[in-house]
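Q: Sharing a structure below in structure tokens format, with a few things to ask.
The values are calculated or read from the model by the stated rules, or taken from the named source; none is laboratory data. Because the structure is a prediction, the values reported are computed rather than measured. No Cβ is skipped: glycine too gets one built from the backbone with ideal geometry, and neighbour counts run over all protein chains shown.
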Amino acid sequence: MGKIDPKELIERVEDVPSLPEVAVRLLAMLNDVESDFSMIERLLSSDSALTANVLRVCNSAYFGFTGRISNLNHAVILLGYNNLRRIVLMASLKNVYSRRVNGYSLMEGDLARHSLAVALAAEALAREVGYREPDTLFIAGLLHEIGKLVLGNYLESYYEAVLREVSDSRMDFLEIEDEHLGTNHAKVGSMLASHWGLPEVLVECIGAHHDPRLATEYHAEAAIVHLADHLALMLGIGWGIDGLKYTFHSAAVEGLRIPEDVIYDIMLDLPERMKLAEIV
Ligand SMILES: [Fe+2]
Ligand SMILES: [Fe+2]
């Protein structure tokens, strides 16, 4: 198997995980100030299985309204629009995210857990810096590894060599991907996000999650996802073949000016907040 042309790869639809229609529509309206509850209602109106799942999550003990939410109207009143949108998004991504991703040695559910941990950490960090749309950072965290879904099968052909380089070389994991595939999961993820028409802030956060310097406009956002990713990795949430083989860009993170003890607390809170992963 030779080098991959990421652009070609993404256009070959059969290799690309198709994001459920509901998720694509929800994500595309992220920046849309006009988007409101009626849009969610309309999106869910034709998908009763997804609606049932959303209501089940809304009624879980995690949110504290057990058994009290019988329809989407109740859900939006008790949980708020942003929470409801987030639950719909997570429920719609469930099938795509719970698969194993072979080339990266991610077992069933690993990608979902890692993505949720990064989403929660990124959101908490965003609140800390006073970012006006912490929900956007949550979603960026949720999607940051989406490129792994595309490259997993390709990377699997180099499994032995990759494993050897991870343990014996000083290469960063992105360099290992670049060496074998001619591209890496951050690059492919950002191309996929723009192929899906997602807002630019998400495209940049995905593309720059291992190196915030690559962001052209959304530096702080990319730095937040970068830091959140490392917090999840330090806790060992969602380790695959790559483990911790990534460069930490401390200068970008220092630019956020979040006190170290606050960062530490956010990391320590993660396992508790991760209980959300068990119910969606
Ligand atoms: Fe990554
Ligand atoms: Fe990650």
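Q: If a residue has to be part of a loop (DSSP other than H, G, I, E, B) and either β-branched (Val, Ile, Thr) or at pLDDT 95 or above (or both) to count, how many in region 183-215 make the cut?
A: Our first condition is that a residue be part of a loop (DSSP other than H, G, I, E, B); within region 183-215, this holds for 183-184, 196-199, 208-211, 215.
After this cut, where a residue has to be either β-branched (Val, Ile, Thr) or at pLDDT 95 or above (or both) as well, the list is 183-184, 208-211, 215.
Of the residues in region 183-215, 7 are part of a loop (DSSP other than H, G, I, E, B) and either β-branched (Val, Ile, Thr) or at pLDDT 95 or above (or both).
Q: Out of TYR104, TYR62, TYR97, report the one residue that is within 14 Å of ligand 2 (Cβ to nearest atom), within 16 Å of MET274 (Cβ to Cβ) and hydroxyl-bearing (Ser, Thr, Tyr). Break it down stepwise before answering.
A: Working: TYR104 fails: within 16 Å of MET274 (Cβ to Cβ); TYR62 fails: within 14 Å of ligand 2 (Cβ to nearest atom).
Of the residues listed, the single one that is within 14 Å of ligand 2 (Cβ to nearest atom), within 16 Å of MET274 (Cβ to Cβ) and hydroxyl-bearing (Ser, Thr, Tyr) is TYR97.
Q: Further question: In the list ALA61, ALA91, ALA52, which residue meets the criterion of being surrounded by fewer than 16 Cβ atoms within 10 Å (Cβ to Cβ) and at pLDDT below 90?
A: Values: ALA91 fails: surrounded by fewer than 16 Cβ atoms within 10 Å (Cβ to Cβ); ALA52 fails: at pLDDT below 90.
That would be ALA61, the only listed residue that is surrounded by fewer than 16 Cβ atoms within 10 Å (Cβ to Cβ) and at pLDDT below 90.
Q: Right, something else. Which condition breaks for TYR131 when tested against (1) of a type in the set (Phe, Trp, Tyr); (2) outside any loop (DSSP other than H, G, I, E, B); (3) touching a residue at least 60 places away in the same chain (Cβ under 8 Å)?
A: (2)
Q: Go through GLU204, GLU221, GLU200 for me and flag whichever is in contact (Cβ under 8 Å) with a residue 40 or more places away in the chain, of a type in the set (D, E, K, R) and more than 13 Å from ligand 1 (Cβ to nearest atom). It would help to see each step written out before you state the result.
A: Numbers: GLU204 fails: in contact (Cβ under 8 Å) with a residue 40 or more places away in the chain; GLU200 fails: in contact (Cβ under 8 Å) with a residue 40 or more places away in the chain.
It is GLU221.
Q: Take the conditions crowded, with 21+ Cβ neighbours inside 10 Å, among the small types (Gly, Ala, Ser) and part of a helix (DSSP H, G or I) and apply them to SER167. Does it pass? So that I can check it myself, show each step before the final result.
A: Numbers: crowded, with 21+ Cβ neighbours inside 10 Å: no; among the small types (Gly, Ala, Ser): yes; part of a helix (DSSP H, G or I): yes.
Taking the combined requirement at face value, the residue does not satisfy it.
Q: Restricting attention to region 216-236, and to residues there that are in a loop (DSSP other than H, G, I, E, B) and more than 19 Å from ALA117 (Cα to Cα), which single residue is nearest to ligand 2 (Cβ to nearest atom)? Outline the logic, then answer.
A: Step one: list which residues in region 216-236 are in a loop (DSSP other than H, G, I, E, B), which gives 216-218, 235-236.
Now drop any that are not more than 19 Å from ALA117 (Cα to Cα), which leaves 216-218.
Values: THR216: 21, GLU217: 21, TYR218: 17 Å.
Looking at residues that are in a loop (DSSP other than H, G, I, E, B) and more than 19 Å from ALA117 (Cα to Cα), I get TYR218.
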